[in-house]
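Visitor: This is the structure, below, for whatever I ask next.
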Amino acid sequence: MLDLGRLRALHAVSVYGTVGAAAAALGYTPSAVSQQIAKLERETRTTLLERQGRGVRLTDDAHQLAATAQRLLSIVEEAEVRLEERRGLPSGRLRVGCFASAARGLMPRALAELARRHPALDARLTEVDPHLSVDLVGRGVIDLAVAHDWDIAPLPAPPGVEQAVIGDDLCDVLVPLGHPLAARGAVRREDLTEERWISPPPGTVCHDWLVRTLRAAGREPDIVHRAEENHTQVALVAAGLGVALVPRLGRGALPDGVVTVRLDPVPKRRLSALWRVGAARRPAITETVRTLQELWPSVAAA
């Protein structure tokens, strides 16, 4: 009989692409995941992973087995949902995927509150890009995603995934102290077309929003520096190297050399929680979503 834990390890490698990333998502060490898959290879008498440069790739047999593993894990999830629903209390393991600034500005309070209220619930957080997190929910790799999108760059939920709004995160234009725009109470998009921009890398939701917005104002943005972390973007602004559009969530206190300027209309990104339809009855899901919505007004105000 195939071991479910070993199938879960193979499935995670198929989703994340590397043993290291799969291990981080599962909360194991890379060597533990490798050992699980090695045991699965012996059980099935099949080669599942092949070396490819510094990484590995799944064989055709491994892809077939990973697809079967996904179906089995869905069945197990349904059984767990029914048991938890009968108990009526949040319990068991809850795998949460969340983008970086929410992982810093929202989730610590939410996870601490869940631990205080529901000691039988084992909520575990993985930081992941919002585009990826929605797909991971659909595949059953994580149970709940906290993602964001913009009005002009919506993040559609795939079939079989439900979502609920947590709240709106406002964004400001950050400029260096002494910048011509620093003394203005508000600016419009048309005022920003000549600026040198600091932006997240291409493919991120924030980068896509910036490009689309300035293109709508008739100008391709001049992006001179790219940085994933908001704190790095703020540091580059403080050094006088450009301007940036940075959300408030998880931003923290700004250094003295940075000034916020309101963009009119104010850009907003909407935070949502997403989960699979089959898990909608699970008390761990409903209580986590309720806690996130409950905490959001105080987080946004701060």
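Visitor: Sketch the reach of a paramagnetic label on Thr59 as a point 7 Å from Cα along Cα-to-Cβ, and name the residues of the range 8-26 whose backbone nitrogen lies under 19 Å away.
Guide: What the label zone holds, given the 19 Å backbone N cut-off, is 8-15, 17-19.
Visitor: Going by Cα centres, the range 224-300 and the range 137-179 are how many Å apart?
Guide: Cα centroid to Cα centroid, the span is 9 Å.
Visitor: Which part of the range 225-246 falls in the paramagnetic zone of Arg196, meaning amide N under 14 Å from the point 7 Å along Cα-to-beta-carbon?
Guide: 225-226, 236-244
Visitor: Here is a further query. Just in the range 156-195: which trypsin sites (Lys or Arg not before Pro) are loop by DSSP and have at most 15 other Cβ atoms within 10 Å? Don't skip to the end; give the middle numbers.
Guide: On the way: sites: Arg184, Arg188, Arg189; in loops: Arg184, Arg188.
When the trypsin sites (Lys or Arg not before Pro) of the range 156-195 are filtered for loop state and at most 15 Cβ neighbours within 10 Å, Arg184, Arg188 remain.
Visitor: Let me ask you something else. Quick check for you: which residues of the range 100-122 have the amide N under 18 Å from the point 7 Å beyond the Cα of Glu294 toward its beta carbon?
Guide: Correct set: 106-122.
Visitor: Return P(r) of the range 132-230 (all Cα-Cα pairs; 5 Å bins starting at 0; whole %; ordered from short to long distances).
Guide: Binned Cα distances yield the sequence 2, 10, 17, 20, 18, 12, 9, 6, 4, 1, 0.
Visitor: Please list 3J(HN,Hα) in residue order for the range 108-122, calculated via the Karplus relation 6.51 cos²θ - 1.76 cosθ + 1.60 where θ = phi - 60°; whole Hz, with x for glycine and proline.
Guide: x, 5, 5, 5, 5, 5, 5, 5, 5, 7, 9, x, 7, 8, 10
Visitor: How high is the relative contact order of the range 199-302, in percent, with contacts defined as C-alpha pairs under 8 Å that are six or more residues apart? The partial results should precede the final answer.
Guide: Details: 54 pairs, mean separation 19.4, N = 104.
Reported relative contact order: 19 percent.
Visitor: Under a point-charge model restricted to the Cβ atoms of Lys and Arg (+1) and Asp and Glu (-1), what is the dipole moment magnitude of the range 129-215 relative to its Cα centre, in debye to the nearest 20?
Guide: On the way: 7 positive and 14 negative charges, 59 e Å.
Roughly 280 debye for the range 129-215.
Visitor: Same structure, new question: Given Cβ point charges of +1 (Lys, Arg) and -1 (Asp, Glu) and nothing else, what value in debye, to the nearest 20, does the dipole of the chain about its Cα centre take? List each step's numbers first, then the result.
Guide: Values: 38 positive and 36 negative charges, 120 e Å.
For the chain, the charge dipole is close to 580 debye.
Visitor: Determine, from the Cβ-Cβ distance of Ala227 and Ala164 and an R0 of 35 Å, the FRET efficiency 1/(1 + (r/R0)^6), rounded to the nearest 0.05.
Guide: Details: r = 31 Å, r/R0 = 0.88.
FRET efficiency, Ala227 to Ala164: 0.70.
Visitor: In whole Hz, what ³J(HN,Hα) sequence does the range 169-185 give by Karplus (6.51, -1.76, 1.60; θ = phi - 60°), x for Gly and Pro?
Guide: Result, ordered by residue: 9, 7, 10, 10, 7, 9, 10, x, 4, x, 5, x, 8, 5, 8, 8, x Hz.
Visitor: Hey, any idea what % of the range 147-302's accessible area is carbon plus sulfur with a 1.4 Å probe?
Guide: Details: 3690 of 7060 Å².
C and S atoms contribute 52 percent here.
Visitor: Right, next: Per residue, how much accessible area does the range 1-55 show when a 1.4 Å probe rolls over the protein heavy atoms, in square angstrom?
Guide: Details: 3180 Å² over 55 residues.
Per-residue value: 58 Å².
Visitor: If you take semi-axes √(5λ) of the Cα gyration tensor in Å from the coordinates, which of (i) 40, 23, 16; (ii) 32, 21, 18; (iii) 43, 21, 15 do you get?
Guide: Read-out taken from this structure: (i).
Visitor: What 222 nm value per residue comes from the helices of the chain, counting each DSSP H run with n ≥ 4 as -39,500 (n - 2.57) and dividing by all residues, nearest 500 deg cm²/dmol? Numbers along the way, then the final one.
Guide: Values: 10 runs with 131 residues, N = 302.
Computed mean residue ellipticity for the chain: -14000 deg cm²/dmol.
Visitor: Under a 5 Å amide H to amide H cut-off, with H placed in plane at 1.01 Å, what residues pair with Ala227 once short-range neighbours are removed?
Guide: Those qualifying (amide H under 5 Å, at least 5 residues apart or on another chain) are Ser199.
Visitor: Shifting gears a bit: Extension gain Glu78-Lys39, at 0.36 nm per residue separation less the Cα-Cα distance, in nm? Walk me through the numbers before you get to the answer.
Guide: Working: separation 39, 0.36 × 39 = 14.04 nm, distance 2.66 nm.
11.4 nm is the gain from fully extending Glu78 to Lys39.
Visitor: May I pose another question? Taking all pairs of different Cα atoms in the range 54-132, averaging 1/r and flipping that mean, what Kirkwood radius in angstroms comes out? Show your work: numbers first, answer last.
Guide: Numbers: mean 1/r = 0.0655 Å⁻¹.
It is 15.3 Å.
Visitor: Between Ala32 and Arg184, what's the calculated FRET efficiency when r is the beta-carbon distance and R0 is 51 Å? Round to 0.05.
Guide: Details: r = 55 Å, r/R0 = 1.09.
Efficiency for this residue pair is about 0.40.
Visitor: Where is the GNM fluctuation largest for the chain (alpha-carbon springs, 10 angstrom cutoff): Pro130, Pro90, Pro202?
Guide: In this elastic network of the chain, the residue with the biggest mean-square fluctuation among Pro130, Pro90, Pro202 is Pro202.
Visitor: Can you tell me the dipole magnitude for the range 74-209 around its Cα centre, using point charges on the Cβ only (Lys, Arg +1; Asp, Glu -1), in Debye to the nearest 20? All intermediate terms of the calculation are to be shown ahead of the outcome.
Guide: Working: 15 positive and 22 negative charges, 117 e Å.
The calculation lands at about 560 debye.
Visitor: Distance in nm between label sites at Thr18 and Thr46, each 7 Å beyond Cα in the beta-carbon direction?
Guide: 2.6 nm
The values are calculated or read from the model by the stated rules, or taken from the named source; none is laboratory data. In this text, all values refer to a predicted model and were calculated from it rather than measured experimentally. Heads up, the Cβs are rebuilt from the backbone with ideal geometry, glycines too, and the neighbour counts pull from every protein chain shown. Accessible surface areas use protein heavy atoms only, side chains included; no ligands, DNA or RNA. Shrake-Rupley method; radii C 1.70, N 1.55, O 1.52, S 1.80 Å.
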